[in-house]
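The numbers here are math on the coordinates, done by the rules we state, and not lab data. All values derive from a computational prediction rather than experimental measurement. Cβ coordinates were reconstructed from backbone atoms using ideal geometry, including for glycine residues, and neighbour counts include every protein chain displayed.
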Amino acid sequence: MTVLTKFRRVYLKYSDVTIDKNGNCLRSIISAMINETLIEIYELLLDRFGPQHWWPGDTQFEIITGAILTQNTSWANVEKAIANLKAADRLTPDKLHHLDVSQLAELIRPAGYFNIKAKRLKNFINWLFDNYEGELTDLESMNTNQLRVELLAIKGIGPETADSILLYAFERPMFVVDAYTARIAVRHELIEPGADYEQLRELFQSNLSEDVQLFNEYHALLVRLGKEFCKPKARCPGCPLEKLPHSLDIEYF
Ligand code: SF4
């Protein structure tokens, strides 16, 4: 795993600590320090912003639909698309399965990229019907990693969408990361610039206890922070994380 700069210094500081040939002692020291930093960030954000009540949605399928529609658009636009699906009484796997992709595209038009997103939603529905008779309940008993592999194999479902579905619709302990998470983690030297999705997810996933409610709230709080303070042009004065070490050497757009 990519390790933050200051924790590399810890490697040096504790280099005389007895370790086994796999470096296990150092790893546990560093992991404990990362955990402490991640928890401090979480508590500062929760103190400032309070619970975010994610993910908004009345049903499991509505959450999945929202996760597929939310890419590259605001949540307000997703809400309009979901409202259209509800008004047309189409927001169930079965009803969408029988809907033509062009009709679906028209209903979700407010979400933007509606032709692409209609195909993605249909791909999910087709996978559900081809493999699980359209029953979301059949997925409940699946092992989380297996379900993740299957979701990622659906055309148009990337890691952020798959992990959002796992965490928010199926309540599995899967940490969701996004561009906001990357920007904040790099500026706070939690990870090196250029870290990919899996490295970023691993940073949080393996250094926090696997707690669905913690992962749920943490991701939502990072999104709030990214939208209000840690924008491409950072607004550090007054930010909840202002007192923590950070660097703006890396530019984000
Ligand atoms: S705005 Fe500044 S203090 Fe706040 S999270 Fe971003 S880099 Fe950190």
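The chain: longest stretch without exposed trypsin sites (Lys or Arg not before Pro) (DSSP loop, at most 11 other Cβ within 10 Å), sites themselves excluded? The longest such stretch corresponds to 22-154.
What do you get for the angle between helix 75-87 and the principal long axis of the chain? Use alpha-carbon atoms, 0 to 90 degrees, nearest ten. Tilt relative to the chain: about 30 degrees.
Subtracting the Cα-Cα distance of R235 and D130 from their residue separation scaled by 0.36 nm leaves 33.0 nm. Ordering L208, I191, I165 by Cα displacement along the dipole of the chain toward the positive end leaves I191 in first place; charges were set at the Cβ atoms of Lys, Arg (+1) and Asp, Glu (-1). Quick check on region 60-169: take the gyration tensor over C-alpha atoms, sort the square-rooted eigenvalues as a ≥ b ≥ c, and tell me if it's rounded (a/c under 1.5), prolate or oblate. Prolate, since a/c reaches 1.5 and a/b exceeds b/c. Taking N72, N84, N35 in turn, the Gaussian network model of the chain (Cα-Cα springs below 10 Å) assigns the largest fluctuation to N72.
Region 179-210 and region 224-246 have Cα centres spaced 16 Å apart. Relative to the longest principal axis of the C-alpha atoms of the chain, give the angle of the C-alpha long axis of helix 114-132, reported between 0 and 90° and rounded to the nearest 10°. Around 90 degrees separate the two axes. GNM on the chain, alpha-carbon springs under 10 angstrom: the most fluctuating residue among F170, F204, F49 is F49.
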